[in-house]
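First the structure, in the form of structure tokens, and then the observations on it.
A short reminder: the numbers here are calculations on the coordinates, not readings from a lab. Not measured: the values here are computed from a predicted model. Here the Cβ is made from the backbone with ideal geometry for all residues, glycine too, and neighbour counts use every protein chain on show.
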Amino acid sequence: MKITTVEFLKSVYPGDEYPLGRYPEVAFAGRSNVGKSSLINTLVNRKGLARTSAVPGKTQSINFYLVNQSLCLVDLPGYGYAKVPQQVRRRWSPLIEEYCRNRKNLCGTVVIIDARIGPTPLDLSLIAWLKTLSMPAIITITKVDKLSKNKIVKALHQTAQTLAISPEGIIPFSAHTGDGKKDLWQKIVHLLNISKKCAPP
Ligand code: GTP
Ligand code: MG
């Protein structure tokens, strides 16, 4: 994917209005600190676009980024970080849930899993829930720069087994090296092309 323009559109907190749903959207979901914001930055070749942090719980709102004036990448808040105050944590899930359930121009979700950890129970419940919504999910294992080639293959097989899918359906990714970027864009564009909800970019 050739990136010509990237524009931050809006940060949405509970009760805020979403930006107009003019463009097809792809959302990025995963455990807190798994690397969602970094992955988006790598996809669009902009280091500091989505704020990242070594401290979990950085992204606490839904952030919309318009790419090439034709599609929106949506950075969702992370889930499952125990140290965030209960009050803050409680509103994450409804925020994600409301968005995924009701956003008409949402074509699919990229579910990001830590390659070193594999799918957690929360990842599994998210994937199962997206299925009930008939929401396509692209599965990615990230931070593969921290693993040897053998361990990446192992992680792919273990994740595939847990999710009962083929390992070929999972994209190994690294925000640091850019590994998997081309494959992930290919899957995203394919998803937009087959989506009946919105026009392709
Ligand atoms: P929240 O917004 O808190 O949910 O986190 P996030 O999922 O957006 O994670 P973020 O992109 O902020 O990254 C979290 C930490 O992981 C940062 O310290 C990143 O530098 C690091 N990180 C992200 N992606 C990678 C990767 O591919 N490889 C390595 N080695 N580190 C990564
Ligand atoms: Mg983030």
On a full-extension model of 0.36 nm per residue, what is the gain between residue 54 and residue 11, subtracting their alpha-carbon distance, rounded to one decimal in nm? 13.4 nm
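For residue 166 and residue 61 in one chain, what is 0.36 nm times their gap in residues minus the Cα-Cα distance, to one decimal in nm? Don't jump to the answer; show the numbers that get you there.
Working: separation 105, 0.36 × 105 = 37.80 nm, distance 3.26 nm.
My answer for the length gained is 34.5 nm.
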Across the chain, what fraction of all alpha-carbon pairs, as a whole percent, falls in each successive 10 Å bin from zero upward? 9, 38, 40, 13, 0
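How do 8, 64, 28 line up, fewest other C-beta atoms within 10 Å first? Before the final figure, lay out the partial values.
Working: 8 12, 64 20, 28 25.
Ranking 8, 64, 28 by Cβ neighbours within 10 Å, fewest first, gives 8, 64, 28.
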Could you work out the helix-only [θ] at 222 nm for the chain, with each DSSP H run of four or more residues adding -39,500 (n - 2.57) and the total divided by the number of residues, to the nearest 500 deg cm²/dmol? -10500 deg cm²/dmol
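At 0.36 nm per residue, minus the direct Cα-Cα distance, what do residue 151 and residue 47 gain on full extension? Give it in nm, one decimal, please.
Details: separation 104, 0.36 × 104 = 37.44 nm, distance 2.73 nm.
Working it through step by step, the gained length comes to 34.7 nm.
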Which whole-number percentage describes the relative contact order of region 1-154, with Cα contacts under 8 Å and a sequence gap of 6 or more? 27
